[in-house]
Amino acid sequence: MAAMREMGDYRELEELVRHHIDSYDYMVDRGLEIMLDNIKPVKIHDPFTDTSLSIFLSNPRLYEPQKERGLKTKLSALFPFECRQAKISYTGRFEADVCFQYNGRQAIRERFNFGQLPIMLKVCVYFVVFMFGVL
């Protein structure tokens, strides 16, 4: 009986932070793309060669938290309890394409690492990564 009451209390606490979880899910699902779309492209025109260049960002991607085993080995999954023990943040690598478009032609895309973004527990991203191994 006490266990059922504790479980009910836990569900109430989950509902208390539901808006934070939903907000994070939205940011990862759509918000990062919207953010990059709202950054105005940098446009440069060279009058001597009559060449124009437009630089913009697209295709954001947030990777699952990982740790390095060594210099010549593969990365492995990093779990929240390991971060708590090591007193480090539970973060994933954030990358996006930097696109270079010359004279309105097809854009040349190059993937850049923009650092680490915190990963919130109990969100859809977290469950997708650890249940299915993809993000």
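The values are calculated or read from the model by the stated rules, or taken from the named source; none is laboratory data. Being a predicted model, the structure only gives us computed values, none of them experimental. Virtual Cβ from ideal backbone geometry, glycine too; neighbours counted across all protein chains shown.
The listed residues are Ile39, Ile88, and the only one of them that is modelled with pLDDT of 95 or more, among the hydrophobic types (A, V, I, L, M, F, W, C) and part of a loop (DSSP other than H, G, I, E, B) turns out to be Ile39. In segment 86-103, is there at least one residue being more than 30 Å from Lys43 (Cβ to Cβ) and among the aliphatic types (A, V, I, L, M)? Within segment 86-103, one or more residues are more than 30 Å from Lys43 (Cβ to Cβ) and among the aliphatic types (A, V, I, L, M).
Condition check: surrounded by fewer than 11 Cβ atoms within 10 Å (Cβ to Cβ), modelled with pLDDT of 85 or more and in contact with a strand residue (DSSP E or B) (Cβ under 9 Å, 6 or more places away or on another chain). Does Asn59 satisfy that? Judged against the criteria, Asn59 is not a match.
Residue count for segment 16-45 under the criterion of being under 15 Å from Phe94 (Cβ atoms), of a type in the set (D, E, K, R) and either in contact with a helix residue (DSSP H, G or I) (Cβ under 7 Å, 6 or more places away or on another chain) or in contact (Cβ under 8 Å) with a residue 60 or more places away in the chain (or both): the result is 1.
Right, Gln106: within 13 Å of the chain's Cα centre (by Cα) and either surrounded by 10 or more Cβ atoms within 10 Å (Cβ to Cβ) or at pLDDT 95 or above (or both) or not? In short, no.
Name the single residue that is surrounded by the most Cβ atoms within 10 Å (Cβ to Cβ) among those in segment 109-128 being over 12 Å from the mean Cα position of the chain (by Cα) and modelled with pLDDT under 90. Please lay out each step first, then the result.
First, pick out the residues of segment 109-128 that are over 12 Å from the mean Cα position of the chain (by Cα): 109-112, 121-124, 127-128.
Checking the rest, the ones that are also modelled with pLDDT under 90 come to 121-124, 127-128.
Working: Leu121: 11, Lys122: 13, Val123: 20, Cys124: 14, Phe127: 11, Val128: 14.
That would be Val123.
Within segment 91-107, the residues that satisfy the criterion of being at negative phi and either in a loop (DSSP other than H, G, I, E, B) or of a type in the set (A, V, I, L, M) (or both) are Ala96, Val98, Arg105, Gln106, Ala107.
Selection within segment 6-53: residues that are among the basic types (Lys, Arg) and closer than 30 Å to Arg105 by Cβ. The member of this set that is surrounded by the fewest Cβ atoms within 10 Å (Cβ to Cβ) is Lys40. Of all residues in segment 61-84, those that are within 13 Å of Ile119 (Cα to Cα) and among the polar types (S, T, N, Q) have Cβ atoms under 8 Å from Cβ atoms of residues that are exposed (fewer than 14 other Cβ atoms within 10 Å of the Cβ) and modelled with pLDDT under 70, 6 or more apart or on another chain, in Gln66/Leu75.
In segment 85-99, the residues that are over 29 Å from Arg109 (Cβ atoms) form no Cβ pair under 6 Å with any partner that is small (Gly, Ala, Ser) and modelled with pLDDT of 95 or more, whether six or more places apart or across chains.
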